[in-house]
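In what follows, a single structure is set out as structure tokens and then discussed.
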Amino acid sequence: MEIGTLTVPGARIHYEVRGAGPVLLLVNGGEGDAAMYGQLAALLADRYTVVTYDLRGNSRSRLTVPPYEQHIAEHADDAHRLLGSIGDEPAYVFGSSYGGMIGMDLLARHPERVRALVAHEPFVIEMLPDAARWHAVFQEVYEIHRRDGAGAATRRFVTEIGVAAPPEPSPGLPAPVLELLARVAANLETCYEYELRSFTRFVPDLPALRGGRVVVAGGADSREALPHRAATALAERLGTPVVEFPGDHAGFVMRPAEFAEALHGVLDDGSRPLDGPTSRH
């Protein structure tokens with residue numbers, strides 16, 4: 001595995017490259033980092049040049065300016081610059097949660113860089129009829145974080161949206177897992193203070209997405225959760241199906257082998273929706 005640092009406006013981006021073949025960029029969501037995709041990347045590295053990275057302001061991708069409210073567009077710019085540092089060919093892009101939104105903005109503004117996008121449960125709250133209610137909830141989460149800390153904010157957040165909280169560290173866990181959990185815990189401040197309220201205001205460029213090759217994906221075990229609801233609303237607006245992937249919102253962590261095969265199948269199978277934005281699965 002190659003590990004590198006890319007200097008971009010306002011940050012230094014930590015990235016990792018594995019394998020050989022067409023480039024596949026894996027984009028994180030929320031408080032995660034490149035290690036969240038470690039098992040998935042290793043399983044795909046025999047078929048792709050897999051690129052993972054920490055989002056700016058998270059884990060090892062340190063800001064070079066004071067912390068500030070962030071937006072999807074600048075993260076898409078980071079992804080664009082990172083792909084440019086890897087090579088000239090268009091890349092496959094997989095993004096989960098915020099990562100799917102970053103991938104959408106990347107495709108909309110730099111379509112020549114994206115061979116195909118798989119957006120897994122993108123957190124596109126603006127696609128929902130009750131978006132205003134959710135923005136009020138996220139404002140409350142922000143205020144709880146400021147008043148009572150990350151633990152209380154996380155409990156409210158995951159209960160509201162219907163996903164599992166990050167696991168608690170345990171002395172019996174391997175050192176790399178403990179290190180990841182420590183980074184995730186530290187990233188919660190960035191998530192609640194500088195990302196959640198602004199990221200969830202993102203509105204996808206639907207005409208641009210219809211002109212690209214996009215799969216909207218959802219976890220088979222998370223149909224009632226808010227991210228899956230948002231994915232379904234987006235798919236309806238695009239005129240595409242929701243392609244089910246193994247597991248829930250974090251299926252790529254909990255069931256990486258099955259998830260890797262599902263992702264490769266979507267990317268490799270020309271009969272799937274990648275052949276056109278209005279194809280049916």
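Only the coordinates and a few stated rules stand behind these numbers; no lab work does. Keep in mind the model is a prediction, meaning the values are calculated, not measured. Note: ideal-geometry Cβ built from the backbone for every residue, glycine included; neighbour counts use all protein chains shown.
Data for the structure
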| quantity | calculated |
| --- | --- |
| For VAL118, distant residues with modelled amide H under 5 Å away | VAL93, PHE94, GLY95, VAL215 |
| Integer Hz, Karplus 6.51/-1.76/1.60 couplings in order for region 4-11, x for Gly and Pro | x, 10, 10, 7, 10, x, x, 6 |
| Per-residue ³J(HN,Hα) for region 120-127, Karplus 6.51 cos²θ - 1.76 cosθ + 1.60, θ = phi - 60°, Hz, x for Gly and Pro | 9, 6, x, 8, 8, 4, 5, 7 |
| Within region 1-39: backbone nitrogen closer than 12 Å to the ASP46 label point (7 Å, Cα to C-beta) | none |
| DSSP-defined antiparallel bridges as percent of all bridges, the chain, nearest 5 | 35 percent |
| The chain: calculated mean residue ellipticity at 222 nm from DSSP helix runs of at least 4, using -39500 (n - 2.57) | -13000 deg cm²/dmol |
| Relative contact order computed over region 1-126 (Cα-Cα under 8 Å; 6+ residues apart), in percent | 25 percent |
| Cα convex hull of region 175-268 - mean projected area over all directions, nm² | 7.6 nm² |
| Contour excess over end-to-end distance, with Cα ends at ALA73 and ARG210 and 0.36 nm allotted per residue | 47.4 nm |
| Approximate spin-label separation THR64-ASP130, in nm, with each point projected 7 Å along Cα-to-Cβ | 4.4 nm |
| Gained length - MET1 relative to VAL177, 0.36 nm times residue gap less alpha-carbon distance | 61.6 nm |
| Which of VAL216, ALA233, LEU206, positive extreme of dipole for region 138-260 (C-beta unit charges) | LEU206 |
| Residue-by-residue Karplus 3J(HN,Hα) for region 105-114, coefficients 6.51, -1.76, 1.60, Hz, glycine and proline x | 5, 4, 5, 5, 9, 9, x, 5, 8, 10 |
| Label-to-label distance, nm, for residues given as ALA152 and GLU89 (7 Å Cα→Cβ offset) | 5.2 nm |
| Cα-projected label distance for ALA164 with GLN139, points at 7 Å along beta-carbon direction, nm | 3.3 nm |
| Calculated log₁₀ intensity ratio I(q)/I(0) where the Debye formula runs over C-alpha points of the chain, q = 0.11 Å⁻¹ | -0.57 |
| Relative contact order, percent, the chain [alpha-carbon distance under 8 Å, six or more residues apart] | 19 percent |
| Cα shape, region 27-181, gyration tensor, a/c 1.5 rule | oblate |
